[in-house]
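Novice: Sharing a structure, written as structure tokens. Questions coming.
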Amino acid sequence: MENMKDIAIYTLTSELHDAAAIAEATQQFLDSLHMPYVLRGTDYSDYGQHALNLLYVRTGGTEGIFKRLLPRLVAQAAEKTFYLLTSGKSNSLAASMEILSYLRQQGLKGEIIHGRSEAVSARLQLLARAGEARKQLRGMRLGIVGEPSDWLISSHADAYAVYQRWGITLVEIPMKELLQRYEDLPAPTPSACDTWLTGAGVPPMTQPAAPAVEAALPGAMRIYRALRQLVADYHLDGFTLRCFDLLDAVHNTGCMALARLNAEGILAGCEGDVPALLSMAITKALLGVSGFQANPARIDTATGEMWFAHCTIPLNMIQTMRLDTHFESGIGVGICGVAEKGAVTIFKASATDSRYFVAEGMLTASPSQPDLCRTQQVIMLADKERARYFLTEPIGNHHIIVAGHHRELYEEMMRA
């Protein structure tokens, strides 16, 4: 997902400085960063349209130029954070500090990018990745199939606020539309079910499914096909499903369908949880995977050890799996998935404001205890004090887990 090709650099230069000398110094400085970019100079016509839009303050005496230019830049850019690149020459830093102070007086955000070439380059890479992810989110369409489950009393979202914050359109779809598509689909053949379970991207199973689970597989595949129809008909990039309604309506679960769809690149969340779905969308834009939507089940605040569990996980996030029934109902098809041990990041964003949580840790085990949802992960938080958040100020119950250390990237994503 790392994209360093969409960086545009615009320049601010005082007329008092020798143009040839400044041009040579500019090239030397930008070459030292060892990264691709497009040098736009004083052509601001496409400012705000790139993953990262940099204002290179090349000299002092540019404060007035920036002040006159600012209304145009604000009107053009969706993101209102201004990044001021400096080389440390020709009073560039001093001018940037004056500009940043002015931005704050105007209620705008900004940052001076300054320091050794290696540090500047690393910072720009982080900013570009977050900027590219924000671009991917704008214009996205996410469905809410049914309403949020009744127990998710804090996990609704205002569609207009979500659009204003992220540029994402929420599409409400009645549950009856999914059920009608399910009824209209023929039952899959045994060979089709076998292919569905052993095809490309499906991890190996550690043991055969029990007869009750085997009998539920055709229905699980029909749910998958019905959901794919909804995605196509409504032009969705993803959805969250009021999945517990399926237990009574079709005596089955959506766990396997969601696991498969997430692995195929379609965001698929559980229980109609909109903030969790938005957190998955942010995760996919940043890292290329949806993430594991899970409930915290046990917390040891003394050590920072936490247990997370859910009955579905994206198939491209696990090494092996075992099929079981859905935990709460004992019917349908649930997934007991085993992910690779190692570094993980836990993330959750609220739907409409700037609240978020992010913490890093280590996945140490994937147990299979009978009193929890089927996929279980034991995570040791890097900072045990972060465990207190879950007991004092949680953003709902579901959180998103993804492999790797990504705290800084999430923080940058949420800062703008």
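The values are calculated or read from the model by the stated rules, or taken from the named source; none is laboratory data. Everything numeric in this text was worked out from a predicted model, so none of it was measured. All Cβ positions, even for glycine, are placed from backbone atoms using ideal geometry, and neighbour counts span all protein chains on display. Quick note on the areas: whole protein, heavy atoms, side chains included, nothing else; ligands and nucleic acids left out. Shrake-Rupley method; radii C 1.70, N 1.55, O 1.52, S 1.80 Å.
Novice: Only one of these is crowded, with 23+ Cβ neighbours inside 10 Å and touching a helix residue (DSSP H, G or I) at 6+ places or on another chain (Cβ under 6 Å): Ile346, Ile335. Name it.
Specialist: Ile335
Novice: Could you figure out which of (1) out of contact with any Phe, Trp or Tyr (no Cβ under 9 Å at 6 or more places or on another chain); (2) buried (at least 19 other Cβ atoms within 10 Å of the Cβ) isn't true of Val250?
Specialist: (1)
Novice: Restricting attention to region 121-136, report how many residues are open to solvent by less than 30 Å² (accessible area, probe 1.4 Å) and farther than 15 Å from Gly48 by Cα.
Specialist: Of the residues in region 121-136, 2 are open to solvent by less than 30 Å² (accessible area, probe 1.4 Å) and farther than 15 Å from Gly48 by Cα.
Novice: Follow-up. Given the structure, is Ser149 open to solvent by less than 50 Å² (accessible area, probe 1.4 Å), of a type in the set (S, T, N, Q) and over 21 Å from Gln27 (Cβ atoms)?
Specialist: Yes, satisfied.
Novice: Moving on. Tally the residues that are open to solvent by 10 Å² or more (accessible area, probe 1.4 Å) and within 27 Å of the chain's Cα centre (by Cα), restricting the search to region 225-247.
Specialist: Result for region 225-247: 14.
Novice: Which residue pairs have Cβ atoms under 9 Å apart, sit 6 or more places apart or on different chains, and have a first residue in region 31-52 that is farther than 16 Å from Glu111 by Cβ and a second that is assigned to a loop (DSSP other than H, G, I, E, B) and open to solvent by 70 Å² or more (accessible area, probe 1.4 Å)?
Specialist: These pairs meet every condition: Pro36/Lys5; Tyr37/Lys5; Val38/Lys5.
Novice: For region 317-357, which residues satisfy the criterion of being under 16 Å from the mean Cα position of the chain (by Cα) and not hydrophobic (A, V, I, L, M, F, W, C)?
Specialist: The initial filter retains those residues of region 317-357 that are under 16 Å from the mean Cα position of the chain (by Cα), namely 317, 344-357.
Within region 317-357, Thr345, Lys348, Ser350, Thr352, Asp353, Ser354, Arg355, Tyr356 meet the criteria.
Novice: With the requirement that a residue be within 21 Å of Arg388 (Cα to Cα), open to solvent by less than 30 Å² (accessible area, probe 1.4 Å) and among the aliphatic types (A, V, I, L, M), what does region 302-325 give you?
Specialist: Result: Met306, Ala309.
Novice: Could you list, in sequence order, the residues of region 77-120 that are in a loop (DSSP other than H, G, I, E, B), buried (at least 17 other Cβ atoms within 10 Å of the Cβ) and touching a His at 6+ places or on another chain (Cβ under 8 Å)?
Specialist: Thr86, Ser90
Novice: For region 186-304, please list each of the strands (runs of 3 or more DSSP E) lying entirely inside it that holds at least 3 residues being under 20 Å from Gln377 (Cβ atoms).
Specialist: Working: elements: 238-241, 267-270, 292-300.
Because the criterion is at least 3 residues that are under 20 Å from Gln377 (Cβ atoms), the strands (runs of 3 or more DSSP E) in region 186-304 that meet it are 267-270, 292-300.
Novice: Checking Ala51 against (1) open to solvent by less than 50 Å² (accessible area, probe 1.4 Å); (2) at pLDDT 95 or above; (3) touching a Lys or Arg at 6+ places or on another chain (Cβ under 8 Å): exactly one of these is not met. Which one?
Specialist: Among (1) open to solvent by less than 50 Å² (accessible area, probe 1.4 Å); (2) at pLDDT 95 or above; (3) touching a Lys or Arg at 6+ places or on another chain (Cβ under 8 Å), the lone unmet condition for Ala51 is (2).
Novice: Could you check region 156-179 and list, in sequence order, the residues that are small (Gly, Ala, Ser) and either more than 17 Å from the chain's Cα centre (by Cα) or under 12 Å from Asp353 (Cα atoms) (or both)?
Specialist: Ala157, Ala159, Ala161
Novice: Among the candidates Leu246, Leu197, Leu217, which residue alone is in contact with a Cys (Cβ under 6 Å, 6 or more places away or on another chain) and farther than 30 Å from Met414 by Cβ?
Specialist: Leu217
Novice: How many residues does region 193-205 contain that are among the hydroxyl-bearing types (Ser, Thr, Tyr) and loosely packed, with under 12 Cβ neighbours inside 10 Å?
Specialist: Count: 1.
Novice: Okay, moving on. Which of the residues that make up region 206-224 are touching a residue at least 24 places away in the same chain (Cβ under 8 Å) and surrounded by fewer than 17 Cβ atoms within 10 Å (Cβ to Cβ)?
Specialist: Thr206, Gln207, Ala210, Ala212, listed by residue number.
Novice: OK, next. So, Tyr163, is that one part of a helix (DSSP H, G or I) and either loosely packed, with under 12 Cβ neighbours inside 10 Å or in contact with a Lys or Arg (Cβ under 6 Å, 6 or more places away or on another chain) (or both) or not?
Specialist: Details: part of a helix (DSSP H, G or I): yes; either loosely packed, with under 12 Cβ neighbours inside 10 Å or in contact with a Lys or Arg (Cβ under 6 Å, 6 or more places away or on another chain) (or both): no.
Taking the combined requirement at face value, the residue does not satisfy it.
Novice: Do you know which residues across region 173-190 are more than 16 Å from Ala209 (Cβ to Cβ), free of Cβ contacts under 8 Å to residues at least 40 places away in the same chain and open to solvent by less than 80 Å² (accessible area, probe 1.4 Å)?
Specialist: Pro174, Ala187, Thr189
Novice: Filter region 7-43 for residues that are open to solvent by less than 20 Å² (accessible area, probe 1.4 Å) and in a loop (DSSP other than H, G, I, E, B); which is farthest from Arg129 (Cα to Cα)?
Specialist: Going through region 7-43, the residues open to solvent by less than 20 Å² (accessible area, probe 1.4 Å) turn out to be 7-12, 14, 22, 26, 30, 33, 41.
The next check asks that each one be in a loop (DSSP other than H, G, I, E, B); those that pass are 14, 33.
Details: Ser14: 31, Leu33: 16 Å.
Here the residue is Ser14.
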